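K.L.:
Before I ask anything, let me first share the structure, which is written out below as C-alpha cells.
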Amino acid sequence: MISYARQDAEEQSAGTPPDADDHIAPAPRVSVQAFCESMETATAVQAASEDRRLGKAHLKIQMGGMAAAIEAYRSAPTPNVIILETEGRSDILAGLDHLATVCDAGTRVVVIGRVNDVTLYRELVRRGVSDYVIAPVNALGMVRSICGLFSAPESKAVGRVIAVVGAKGGVGASTVAHNMAWAIARDLALDSVVADLDLAFGTAGLDYNQDPPQGIADAVFSPDRVDTAFIDRLLSKCTDHLSLLAAPATLDRVYDFGTEAFDSILDTLRTTMPCIVLDIPHQWSGWTKKALIGADDILIVAAPDLANLRNTKNIYDLLKAARPNDRPPLYCLNQVGVPKRPEINAGEFAKAIESQPIVSIPFDPQMFGSAANNGQMIAEIAANHRTTEMFLQIAQRLTGRGEAKKPRKSFLPPFIEKLRAK
C-alpha cells in the first residue's frame, strides 16, 4: 500500500504523543535498514527503533543515504523494508532506478526527502515506493510510517489493547475492568474481548456469570496451536459485542510464565477483535511488565491511601518513561468514601502524579456486592446510577469514542394521535 505522508516541520518538531483515536498497529517481525544522510534523521530512526510497536522488528541504521544503499545490496540480500534519506530531487529518481537493479522483489521502500511536490510523489509511486515522508522527521512519524506498511487503513481501529492493573491488591481493578468492557461493548457498540490474565484467582467468569470449559490456560499451555480458529473456540460469548477469555481459577498447577507467554494470544486477538481488555493481576513479573508496556492504553486503579499513591506513582512513571511516543497512562480512584477511613483526596493524588484521575468511583458495598454475587454488571442492576456513567466515561476516554447515538423518541406522535382522536 502506498501513502503520501505530508508532515510539516512544526508538527514533526512538536513530537506530541498520539490521541486515543490515533491508533498505530504494531509491526510484525520484519527486518528494516535505514540509510540516513543527516544525524538528525538517524537520531529519529534510532528513537523509533526503541518504540514498543517496533519491538519485533530488527532495525539497523547506516549513514550514506542512497549511495550507501546501492553499494550495500550489490552482494547482500535486501531486508523487508529499506528507509532512504535523500537531500536533493534529481538524485532521488536516478538513485531509485539504480537501486531497483540490486533490490529483491517484495522489498518495501520508504523515502525521506525535503521536496514537497506532487509530481515527484507520482514518479515515486510509479517506481513502487511505499511511502514518502517529508523531512524533518521525528520518532513517532517513523513508527507510523513503518507500521503503516503492514496495516490497511480500513483496519485502523482493529486490535486496540487496553490494560487494566491495580496499584495494590484488593482495590477493585478487575471490577473496574469488567464494567468498563461492558460499557465499551454495550454503549459504544464495539466488539470486545476480556482476557483474564489472573489464571489462579481470576474473577471474570464469576462477574459475567460464565463457566466455560475452556479458556486462556488452554492457549497459554499450547502456544503451537494458537491461531484464529483456536482462539475463537476458547471465547465465551457474554453479549452480542462482548466475549470472554476466562481464567481457570484453579490451583491444580503452578502458573509460572516466561516473558513472551501471552504474545501469540495477543497477536491473534489483535487481528480479529477491535478491542481487547486485559485484566492484569497485581504482580510484577516479566510478562506483566511486557503486557503493560505493549498495550495501546493503560488504566491504573487505585484506592485513596498512601500505599496506593506510592505504587500508582511508581507504575505511572515507569510506563510513561518506557512509552515516550504514547499517551501517558490514565488512572482512576476506586472505593472512595469508606466510612471512618482517612483518605488522600484526588487533589493530592493529582499533585503527586502530575495528572488528574479520570474518575473517582464512590464506595458502595451494597451495590457492588449485589452485582458480584449475582454475576451482573453495575449497569444491569443500576442503569441510571452515577457509577454506571463513570464506567462509560472511562470507556470513552480509553477508546477515544463517544457514546453510540441512540434514536430519540419524539413526544409528537402521541400528541398528534390525541388531537386526531378529538
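The values are calculated or read from the model by the stated rules, or taken from the named source; none is laboratory data. Everything quoted here is computed from the prediction, not taken from an experiment. Here the Cβ is made from the backbone with ideal geometry for all residues, glycine too, and neighbour counts use every protein chain on show.
K.L.:
If you take just the strands (runs of 3 or more DSSP E) that sit entirely in segment 237-348, which of them hold at least 2 residues that are within 29 Å of residue 215 (Cα to Cα) and β-branched (Val, Ile, Thr)?
P.N.:
Values: elements: 242-245, 275-280, 297-302, 330-336.
By residue number, 275-280, 297-302.
K.L.:
Look through 117, 97 and report the one residue that is acidic (Asp, Glu), farther than 22 Å from residue 81 by Cα and touching a Lys or Arg at 6+ places or on another chain (Cβ under 8 Å). Write out each step before concluding.
P.N.:
On the way: 97 fails: farther than 22 Å from residue 81 by Cα.
The unique qualifying residue is 117.
One line per residue, one yes/no per condition, for (1) loosely packed, with under 14 Cβ neighbours inside 10 Å; (2) not in a strand (DSSP E or B):
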position	(1), (2)
35	no, no
41	no, yes
48	no, yes
53	no, yes
71	yes, yes
75	yes, yes
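K.L.:
Now, a different point. Check 308, 373, 384, 325 and return the single one that is of a type outside the set (D, E, K, R), at pLDDT below 95 and over 24 Å from the mean Cα position of the chain (by Cα).
P.N.:
On the way: 308 fails: at pLDDT below 95; 373 fails: at pLDDT below 95; 325 fails: over 24 Å from the mean Cα position of the chain (by Cα).
Of 308, 373, 384, 325, the one residue that is of a type outside the set (D, E, K, R), at pLDDT below 95 and over 24 Å from the mean Cα position of the chain (by Cα) is 384.
K.L.:
Find all pairs meeting these conditions: Cβ atoms under 7 angstrom apart; at least six residues apart or on different chains; first residue within segment 106-134 and more than 19 Å from residue 69 (Cβ to Cβ); second residue among the aliphatic types (A, V, I, L, M) and in a strand (DSSP E or B).
P.N.:
116/134; 134/5
K.L.:
I've got another one for you. If you check 319, 299, 292, which single one turns out to be closer than 21 Å to residue 191 by Cα, under 16 Å from the mean Cα position of the chain (by Cα) and not β-branched (Val, Ile, Thr)? It would help to see each step written out before you state the result.
P.N.:
Working: 319 fails: closer than 21 Å to residue 191 by Cα; 292 fails: closer than 21 Å to residue 191 by Cα.
Step by step, each of 319, 299, 292 is checked, and only 299 is closer than 21 Å to residue 191 by Cα, under 16 Å from the mean Cα position of the chain (by Cα) and not β-branched (Val, Ile, Thr).
K.L.:
To continue, here is another question. From 135, 183, grab the single residue that is modelled with pLDDT of 90 or more and either closer than 30 Å to residue 238 by Cβ or among the small types (Gly, Ala, Ser) (or both).
P.N.:
None of the others qualify; the one that does is 183.
K.L.:
Would you check if residue 130 is crowded, with 20+ Cβ neighbours inside 10 Å, in the same structural domain as residue 25 (by TED's automatic domain parsing) and of a type in the set (Ser, Thr, Tyr)? Spell out the reasoning first.
P.N.:
Values: crowded, with 20+ Cβ neighbours inside 10 Å: yes; in the same structural domain as residue 25 (by TED's automatic domain parsing): yes; of a type in the set (Ser, Thr, Tyr): yes.
Yes.
K.L.:
Further question: Mind counting the residues in segment 323-349 that are loosely packed, with under 14 Cβ neighbours inside 10 Å and either closer than 22 Å to residue 393 by Cβ or aliphatic (A, V, I, L, M) (or both)?
P.N.:
Of the residues in that region, 4 qualify.
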